[in-house]
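Shown next, in C-alpha cells, is the structure this report addresses.
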Amino acid sequence: MRGQLFSYDLLFASVALVALLTLFLATTSTVAGQIGDAEVRADIGESAQNAANSLLRTPGDPSNWELYTINESGTVGLGLASAPGELDQMKVSAFFALANESADYNASLAVLGLTNQNYRYNASLKALNGTVLSALVAYPTTASAHVASVERFARLNGTVVIFKLVVWDE
C-alpha cells in the first residue's frame, strides 16, 4: 500500500509541475511580446519627435535644400525653419510638394531618420481655426499597429500654425 501512495504522490506532483511550467512559458511568451511591442512604440515615438524637431527647429543641411532634389548623399537634414519656430515659405512649399512613393519622399525618409521598420509619414500644416494650409498625404497600405503623432506650434508668415507629423510602420 505504501508504494501505491508514493506513485500517486509522484503522479500528482508531476502533473502540477507540468501545469506550472506551461503557465510560466505562456506568461513569458506574452510578456516578451508586450515588451517587444512597447519597444517598437517607443522607437517610433522617438523617431517622430526627432523628425519634427529637425523640421521645425533647423533650416536643413544644406540650408537651401529646397532648391535641389532630395537625396541621401547630398541632403543631410531637412528643415523648414528660417529661425527656430519660424517657418520659411519656400521650404514649406517644397516639403509639402513631396508625393508619397516619389524618389524625393523615399529619400526624405532616410534624411529624417525614419529608416527603422519601414517607417512612413504624412504631415499637415493647419491654421488655428483648423483650416488645412498644406498637407503631405500618405496613408498606411495595411493596418499599422504602431503610429506616433507629433503636433507643434510654429509661425508661418507671421501667423501661428499647427504642424502635425504622423509616423507609422508598414
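Quick rundown of the values:
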{"quantity": "Gln49 being under 22 Å from the mean Cα position of the chain (by Cα), modelled with pLDDT of 80 or more and either of a type outside the set (A, V, I, L, M) or exposed (fewer than 15 other Cβ atoms within 10 Å of the Cβ) (or both)", "calculated": "yes"}
{"quantity": "Residue match in the range 87-109 (condition: under 21 Å from Ile162 (Cβ atoms), of a type in the set (Gly, Ala, Ser) and in a loop (DSSP other than H, G, I, E, B))", "calculated": "yes"}
{"quantity": "Criterion (in contact with a strand residue (DSSP E or B) (Cβ under 8 Å, 6 or more places away or on another chain) and of a type outside the set (A, V, I, L, M)) met by exactly one of Pro84, Pro140", "calculated": "Pro140"}
{"quantity": "Whichever residue in the range 110-154 is among the β-branched types (Val, Ile, Thr) and assigned to a loop (DSSP other than H, G, I, E, B) and, among such residues, is nearest to the chain's Cα centre (by Cα)", "calculated": "Thr115"}
{"quantity": "Filter result for Thr69 (in contact with an Asp or Glu (Cβ under 7 Å, 6 or more places away or on another chain), assigned to a loop (DSSP other than H, G, I, E, B) and over 18 Å from Ser134 (Cβ atoms))", "calculated": "yes"}
{"quantity": "Residue pairs meeting the criteria (Cβ under 7 Å; at least 6 apart or on separate chains; first of a type in the set (Asp, Glu), in the range 62-81; second exposed (fewer than 14 other Cβ atoms within 10 Å of the Cβ) and part of a loop (DSSP other than H, G, I, E, B))", "calculated": "none"}
{"quantity": "Residue ID - farthest from the chain's Cα centre (by Cα), chosen from residues in the range 55-93 that are hydrophobic (A, V, I, L, M, F, W, C) and over 17 Å from Thr159 (Cβ atoms)", "calculated": "Leu67"}
{"quantity": "Matching residues in the range 102-125 - criterion: being more than 21 Å from Glu66 (Cβ to Cβ) and either at pLDDT 90 or above or touching an Asp or Glu at 6+ places or on another chain (Cβ under 8 Å) (or both)", "calculated": "Asn116, Gln117, Asn118, Tyr119, Arg120"}
{"quantity": "Scope the range 112-170; condition surrounded by 13 or more Cβ atoms within 10 Å (Cβ to Cβ), closer than 19 Å to Gly79 by Cα and of a type in the set (Val, Ile, Thr); matching residues", "calculated": "Val150, Val161, Ile162, Val166, Val167"}
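The values are calculated or read from the model by the stated rules, or taken from the named source; none is laboratory data. These figures come from a predicted structure and were not determined experimentally. Here Cβ is always computed from backbone atoms with ideal geometry, including for glycine, and neighbour counts include all displayed protein chains.
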